[in-house]
Structures are given as structure tokens and as C-alpha cells.
Amino acid sequence: MNENEINNFPSENGPEPMEDRDGQLSDNYTESEPPSSGYIDDDEPQEGFSFNLSSLFIGLAMCFVMFQGTNIFTDWQYILSLSAVIIIHEMGHVTFGKMFGCVIKEMQVFFIPFISYKPRQYNEGSSWRSIKWSLGALPLGGLTVFKSREADEVEYDNYGPSPYIEDKEAWKRLLISAAGVLFNITTFLILYFTLPYMSTECYHIFWPIAVYSLILAILNILPIYPLDGGAIVFALYEIITGNRPSPMFTKICGWIGFVVIILFFWVFPQWMDGFLDKVFGLFF
């Protein structure tokens, strides 16, 4: 999905300036020296590992309520395969965001993060070491949090390229939003054509990754905001008309999209099951 944070449901993704599954951290950027693209967050979490026991309990409780009657707590192949697919998806957003000069605050695998790691900073640049890596307790999707102007407490002074995703051209935001889906589709195609040549052991390992990659790509490309597909539609609208949807309009679309997602995944899951069955019938 995509907001100023790109989120992804099995569903990322994530929301954009729109967009990433969703306002989250407040940031504070200052510059100690005027580097070409150097930013420092004074309110960033401390370097190293952090653990939140309350988030773990909350996430596990929600997981138990949502997945009771299933074997999700013992199916480690499902957990590991889904984790791999979500990491690939979110790394698509992170890679393209970095390519276009965005500052990425955090990358989450699963929701309700309870453990995080912030690398030690050796310089002030917008490097990969500026990203906080988090693991959640609710195995539904992932999230990439981009630095946003709305959440920033210190006004950017326009020295050098802007770190905010909102300030990037529409075509760049479109590619950032689509990157997760593109990474998942690429993963699926590589595995789809190589699985027949794998040993039985490798086949059983990589088959679920291929399936989940296709599912995550299909779900996130749906034109529902704040999924990636909704952010892509907003970016296309801006490219075609030259006008960006108003913040109020995107918020309304976000709430409507949230209701639609709930209906699709929990109230009437047979709708999504039927849709996925038709798509999978084309490949398997």
C-alpha cells in the first residue's frame, strides 16, 4: 500500500503522500553541515534494538482472534514464506524510494511492530543505515514509512533535493507505488519458470513463495486506496490532469478503501477467493 508511508496488505502496502498502509511518526530534521543530501532526525529512535512487550501481546491477541481455528501458529512454512514475500515487496518500495531521493523512516514486516533495529549512524546522508527495520506480530502485510512534509515538525529549508515523498514528481511516486508489485511479479515469474527444474525439496520450499508473490501482487494492484493500486491511480490522475487530488479527498478515499478491504477479506472472503481462483486458473 502507500501513504506517506507505503503499506501493503496481503494486502503494502503501503500509502503515499498521498499514499503506504497508512500517518505515523513525527520527525525532526536538522543539518549539522550542509551536505549534498544530508538530513538528521533529532527525534529518531535510539540506535540498536528496541522491544515493546505490549505491542507483542496486542498483536498476538489480534492474531488469535482473526486466525482462530487455523494452524497459523504452527505452520512455520507459511510464516517464513509470507515474510520473504513481504520483504521482497517492501524492498521494492524502499529501493525505488532511495533511487529517487526519498528519506525512508522505517520498513515493517507484519503489522503491530514489537521489535525494531536502528543501525548505528556513521554519516549524515540519506543512507540505508537511516532506516529502522521492524517486525510485527500480526502476519498480514508490511509497511514502508516515508518521510513526509505533513509529519515533519521542522520546516525543510529547501537546501538541496527535498527528502519528502510528496515533493517528488508524479511519475516517480507512481513507480515507487508500483515497485512492490513489480518486485513480486518478477519473483513469481522467475520461480514459475524454474520450479519444474527444481528438486522435490526445493520445490516445496519455493512453491509457496511463488504463490504468495502472485497473491500479494494481485491484492496490492487493486485500485483501492490506500493499497498500491489506489496510489497508482492518484499518480496517473495527476500525470494526466496536472492536478493532485486534495488531502481531504485522499483521506475520504482511504476510509472508503479501508471499509472495502474489510468487506473483501473478512466479511465476504468468498468474493476474493473467487477472484483469486480465476486468476490462478490462468497459470496453474
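The values are calculated or read from the model by the stated rules, or taken from the named source; none is laboratory data. Note that this is a predicted model, so its numbers are computed, not measured. Every residue, glycine as well, gets a Cβ built from its backbone with ideal geometry; the counts of neighbours run over all protein chains shown. The area values use the complete protein model at the heavy-atom level, side chains included, leaving out ligands, DNA and RNA. Shrake-Rupley method; radii C 1.70, N 1.55, O 1.52, S 1.80 Å.
Just checking, how many residues over segment 223-244 are part of a helix (DSSP H, G or I) and either within 22 Å of the chain's Cα centre (by Cα) or among the acidic types (Asp, Glu) (or both)? Write out each step before concluding.
Taking segment 223-244 and keeping what is part of a helix (DSSP H, G or I), we get 228-241.
Next cut, either within 22 Å of the chain's Cα centre (by Cα) or among the acidic types (Asp, Glu) (or both) only: 228-238.
Qualifying residue count, segment 223-244: 11.
Among (1) among the β-branched types (Val, Ile, Thr); (2) modelled with pLDDT of 95 or more; (3) over 25 Å from residue 210 (Cβ atoms), which single condition is residue 112 missing?
Tallying (1) among the β-branched types (Val, Ile, Thr); (2) modelled with pLDDT of 95 or more; (3) over 25 Å from residue 210 (Cβ atoms), residue 112 fails exactly one: (2).
Of the residues 184, 220, only one is of a type in the set (S, T, N, Q), part of a helix (DSSP H, G or I) and modelled with pLDDT under 95; which? Talk me through it step by step, then tell me what you get.
On the way: 184 fails: modelled with pLDDT under 95.
After ruling out the rest, the residue left standing is 220.
Please find, among 196, 208, 245, the residue that is surrounded by fewer than 23 Cβ atoms within 10 Å (Cβ to Cβ) and either touching a Pro at 6+ places or on another chain (Cβ under 6 Å) or at pLDDT below 90 (or both). Even if it seems obvious, please write down each step before you answer.
Details: 196 fails: either touching a Pro at 6+ places or on another chain (Cβ under 6 Å) or at pLDDT below 90 (or both); 208 fails: either touching a Pro at 6+ places or on another chain (Cβ under 6 Å) or at pLDDT below 90 (or both).
Within the list 196, 208, 245, the selection yields 245.
When both residues are 6+ apart or on different chains and their Cβ atoms are under 7 Å apart, which pairs have a first residue that lies in segment 80-106 and is in a loop (DSSP other than H, G, I, E, B) and open to solvent by 30 Å² or more (accessible area, probe 1.4 Å), and a second that is modelled with pLDDT under 95 and polar (S, T, N, Q)?
What qualifies is 101/37.
All but one of (1) part of a helix (DSSP H, G or I); (2) closer than 27 Å to residue 115 by Cα hold for residue 149; state the number of the condition that does not hold.
The single condition residue 149 does not satisfy is (1).
How many residues, within segment 124-149, are modelled with pLDDT of 85 or more and touching a Ser or Thr at 6+ places or on another chain (Cβ under 6 Å)?
Final tally of qualifying residues: 3.
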